[in-house]
Structures are given as C-alpha cells and as structure tokens.
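Heads up: the structure comes next, in structure tokens.
The values are calculated or read from the model by the stated rules, or taken from the named source; none is laboratory data. Predicted model, so just to flag it, every value in this text is computed and none were measured. In this analysis, Cβ positions are derived from the backbone assuming ideal geometry, glycine residues included, and neighbour counts consider all displayed protein chains. When the accessible area is computed, the model is the full protein with side chains, heavy atoms only, and any ligands, DNA or RNA have been set aside. Shrake-Rupley method; radii C 1.70, N 1.55, O 1.52, S 1.80 Å.
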Amino acid sequence: MNNLIIFSCLLAVAFSATDSPVVAALKRAFSSVDTDKDNHLSESEFEAIYDLYDKNGDGHLRLAEYLAASGVPQASAKDNFDYYDTNKDGDITKADVKRIFSDYDGNGDDKVTFGEFEHHYALVEKAIAGAGTGVGK
C-alpha cells in the first residue's frame, strides 16, 4: 500500500459508507501503519512513515520528496502536503508530525484508533475540498 495514503493519512480520498472502497483503503492504510498490530497507531508509528518519506534524512520533508514517495496524482499529493505544511515554509518536520498525530488523536490518549483515523481523515478531506487549493488549517 502506498505510504502517502498512510501518511496523509496520510492522504486525499472522500469519506463515505463503511463498506465502501474508500473505507477499505483506509483500513489497509491503518493496518500497514499499525506495525505492532495492537489496533491503534502510536506517535512512533507516524514518525516511521515520516522517516520513509524523508529520503535524505535531513528532518525536512519537502514537496519534491513527498511527491516522489507518493505514487498518487501530483495535484492530490500537493494538496495534502499543503494542508499539513501549516506554516507554509515548504517542509514538514518531525515537530509537524507530532502536531499531526495530536490532531488525529481525538481523545488525547496517545493512541489513534481506526475510528479517530477515519474521522480525522474525513475532516482533512473536507478542509482540502472546502479550500479548493489544499490550504492548511
């Protein structure tokens, strides 16, 4: 499964009914990030995906790295990158990953359940669609 979907959660598909292909893709993404198979995602699992994308290991995930790693249409990948690059400095750092994890962790228990993952992913998609250009929150 493509890591962009995982990270953007990792990122830009419409939210729909439980038995839909979208939800099935989200479940596959969630499962592939959940490396210890404990049915929730940890911050370290989010960071592991970030490390896969940050090919040069400099701690700054730039759009070019993100696009190269994504394997999805460039416009969709750019919209997601722009959403998560909230300070618009052209990169996503580990500090941003901490914030992203916190955003997904709806109840603040340091674990992201599939329900939280699915819910926040829908909010991201809605924000991107509403902005029309992938502007971050």
Point-to-point label distance, L52-L123, nm (Cα→Cβ direction, 7 Å offset) = 2.4 nm
With all protein chains present, calculate the accessible area of K78 using a 1.4 Å probe and round the result to the nearest 10 Å².
-> 80 Å²
Segment 72-137: Kirkwood hydrodynamic radius (Cα pairs, Å) comes out at 12.4 Å
For K27, counting only lysines whose alpha-carbon sits under 20 Å away and dropping same-chain residues fewer than eight positions off, the answer is K37, K111, K126
The ³J(HN,Hα) series, computed from each phi in segment 115-122 with the Karplus coefficients 6.51, -1.76 and 1.60 at θ = phi - 60°, rounded to the nearest Hz and given as x for glycine or proline, is x, 5, 4, 4, 4, 5, 4, 5
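Given 0.36 nm per residue, what is the gain on full extension from S20 to N39 after removing their alpha carbon distance, in nm?
Numbers: separation 19, 0.36 × 19 = 6.84 nm, distance 2.04 nm.
Answer, rounded to one decimal: 4.8 nm.
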In segment 75-134, carbon and sulfur make up what percent of the accessible area (probe 1.4 Å)?
-> 53 percent
